[in-house]
Amino acid sequence: MRKVFALAVLVCLLVCSVSEAARFRHFPADGVCVGDYVRFRDRPGLRSRILGRLMKGDQVTVVSQVTVGRELWCEIYDPYEDDGTVWVSGKYIVPLR
């Protein structure tokens, strides 16, 4: 019985994370950073080169999103350059409402 309950909890967590990951359905989309000193990078992935940081409350425009491994990454317009894009972990970017 415990195994069944644990499996049900795991499935629920996976479903919740999938629905959370799919929160941006149309692009471009306005978003806001919910963390302090959030690194943005030249490519999606933790091993990519760090180009700068976002602060809590910074507004961004999400251009696309991709999943690398189990991590959602959002491509945003570079906040410091007029052209180009950078990548931010999707767990720190939420839709602007």
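Each reported figure results from applying straightforward, stated rules to the coordinates on display, with no laboratory input. Remember, predicted model here, so these are calculated numbers, not experimental data. Cβ atoms come from the backbone with ideal geometry, glycine included; neighbour counts cover every protein chain shown.
Observations
- Neighbour counts of C-beta atoms inside 10 Å place S89, S64 in the sequence S64, S89, starting with the fewest.
- Residues D42, D58 arranged by fewest to most Cβ contacts within 10 Å: D42, D58
- Each peptide among 26-36, 65-75 gets the average number of other Cβ atoms lying within 10 Å of its residues, and from highest to lowest they stand as 65-75, 26-36.
- FRET efficiency, T85 to D30 (Cβ-Cβ, R0 22 Å, nearest 0.05): 0.90
- Ranking of R49, R43, R97 by count of other Cβ atoms within 10 Å, fewest first: R97, R49, R43
- Length gained on full extension, D42 to V63, computed as 0.36 nm times the residue gap minus the Cα-Cα distance: 6.1 nm.
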